[in-house]
Structures are given as C-alpha cells and as structure tokens.
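S.K.: Input: one structure, supplied below.
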Amino acid sequence: MSALLSVRGLEAGYGLSQVLFGIDLDIHEGECVTILGRNGMGRTTTIGCIMGLLRPTGGEILIDGRAATGWPSYRVAKAGIGLVPEGRQVFPNLTVRENLVATAANRLGRRDPWTLERVYEFFPVLRERERNLGKTLSGGEQQMLAIGRALLTNPRLLILDEATEGLAPLLRAEIWACLRRLRDDGQSILVIDKNLAALTRIADRHYVLEKGRVVWSGSSAEILENPQAVREHLGV
C-alpha cells in the first residue's frame, strides 16, 4: 500500500542558494509525523515544496503514489492536503465565521465531514468570537482559527508549520491537546515545531533535518530511549 505522502530525493532552493539536498520522508494514513530541526535547516522549505508554493529543483513528491511534483497549490489542496501556515495568516478583516467558511469544502466526499458546527464544538472559543474580526483575536485564538479553517477543507493530511510558535505555555498545551484528539480520531498529521517533549507524546515518527538533509529518523520510542541522538541536532 502506497503512503499517503512520499517525498523522494527532494532538492530545492532560492535563486542560487540551495536549501534541500535529497530529502526523503513518508506519511501513511492515520500517522502523526514531525519534521524537527533548528531554524534555517529546511523544514519550511520542505513544506513549501509539498504544498506547491515552491517548485523543487530535483526529486519527486507523490500523493497516494501519484506524481505530484510541481503541482500548483490549488491542486495539492484539492488532493486533500491542508495547511496551517507559519504565522497563522488568518484574514484580518474577516470575521471568525467568514474566515472559516471562506475555503470550506468536502471535495473528497468525506462521510463524516468537518462542518462549521463541528469546528465550533472542537474550539468553543471560536463560537464565542464568531463575529470578531480575525485581527482582534489573541495569538492562540488565531491559531485555533487557522486550524479550524484547514479542517473545514476536510483534508486527508493536515500540515502545521510552527504549530505553537509564539504562544504562551497554557495555549501551547491546548494546541497539543487538540492535535492529540485529531490524531486519536485518525487524522493524518505532519507537524513542524520545536517542543520535543510534547511531540514525542503525540507523534508516531520523526524526521530531523540539518542543513537540508535528513540526519535522523525514527519513532517516539526510539527518541525516548536515546534522546541525545536527536537533541544534538536541535540545540543552538
């Protein structure tokens, strides 16, 4: 059975500056997988290539075994890949409700789709803020809004770039709890973040990047058995 998402030998960069040097990774249905690494190691560039926001210079991207390298972002979204971008990027002058319904769809005919009501049940604070403009929300509320917006596209794979960046500890804990609930419900997830302790509690497998290369990959159990193998690539 082919992976939901496969990346093989991915290379990419910006102008004359190469950032990725042969990235390989796989995500199967129902898995929670992370990409770990310090800033500037190629994590967001990898996501940009997967989402069609940056054209790779080498390698291939497969969705359900189909070649998807160089697809435009709208086609990636239609294939069931949803993104919660770094910095949240909610629409500042739209209300919470308008943000949520703007891109809502069930293109793949999910039997139990995410609906506005279901998102409000998942994130009750969004119901309370339904008429507030996006720019008036706190950072944590904006992150919940960005996750809810992505869920309303009914993605097969949910990608979160810097899932808890800039959030207070209590809000980080709330986001981790939400991701755990999604994982337990069978949602496939790819997440970028720096909180190794939280990630090992919710993720199945991990890829560690350093200077645009995968330098370690393995399960949460393997990290817990030998945390130094990963921490040496994550420190300043």
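S.K.: Would you say T164 is surrounded by 23 or more Cβ atoms within 10 Å (Cβ to Cβ), more than 22 Å from L116 (Cβ to Cβ) and free of Cβ contacts under 8 Å to residues at least 60 places away in the same chain?
M.R.: Details: surrounded by 23 or more Cβ atoms within 10 Å (Cβ to Cβ): yes; more than 22 Å from L116 (Cβ to Cβ): yes; free of Cβ contacts under 8 Å to residues at least 60 places away in the same chain: yes.
So T164 passes the test.
For every residue, the table says whether it meets (1) in contact with a strand residue (DSSP E or B) (Cβ under 9 Å, 6 or more places away or on another chain); (2) of a type in the set (K, R); (3) under 15 Å from C32 (Cβ atoms).
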| site | (1), (2), (3) |
| --- | --- |
| L167 | no, no, no |
| W176 | no, no, yes |
| R181 | no, yes, yes |
| I192 | yes, no, yes |
| H206 | yes, no, yes |
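S.K.: Working only within the stretch 128-140, note down all residues that are modelled with pLDDT of 95 or more, surrounded by 15 or more Cβ atoms within 10 Å (Cβ to Cβ) and part of a helix (DSSP H, G or I).
M.R.: Scanning the stretch 128-140 gives a single hit, G134.
S.K.: Show me the strands (runs of 3 or more DSSP E) entirely contained within the stretch 24-100 in which 3 or more residues are crowded, with 20+ Cβ neighbours inside 10 Å and either touching a strand residue (DSSP E or B) at 6+ places or on another chain (Cβ under 8 Å) or at positive phi (or both). Working first, answer last.
M.R.: Numbers: elements: 32-36, 58-63, 81-84.
Counting at least 3 such residues, we get 32-36, 81-84.
S.K.: Moving on to the next point. What residue, of T115, T153, is over 27 Å from T45 (Cβ atoms), out of contact with any Lys or Arg (no Cβ under 6 Å at 6 or more places or on another chain), of a type outside the set (D, E) and at pLDDT 95 or above? Break it down into steps so the answer makes sense when it comes.
M.R.: Values: T153 fails: over 27 Å from T45 (Cβ atoms).
None of the others qualify; the one that does is T115.
S.K.: Here is a follow-up. Mind checking whether some residue in the stretch 200-208 is closer than 22 Å to R110 by Cα and in contact (Cβ under 8 Å) with a residue 60 or more places away in the chain?
M.R.: First pass over the stretch 200-208, keeping only residues closer than 22 Å to R110 by Cα: none.
Checked the stretch 200-208: no residue is closer than 22 Å to R110 by Cα and in contact (Cβ under 8 Å) with a residue 60 or more places away in the chain.
The values are calculated or read from the model by the stated rules, or taken from the named source; none is laboratory data. As the structure is a prediction and not an experimental result, all values here were calculated from the model. A quick note on method: Cβ atoms are made from the backbone with ideal geometry, for glycine too, and the neighbour counts reach across all protein chains shown.
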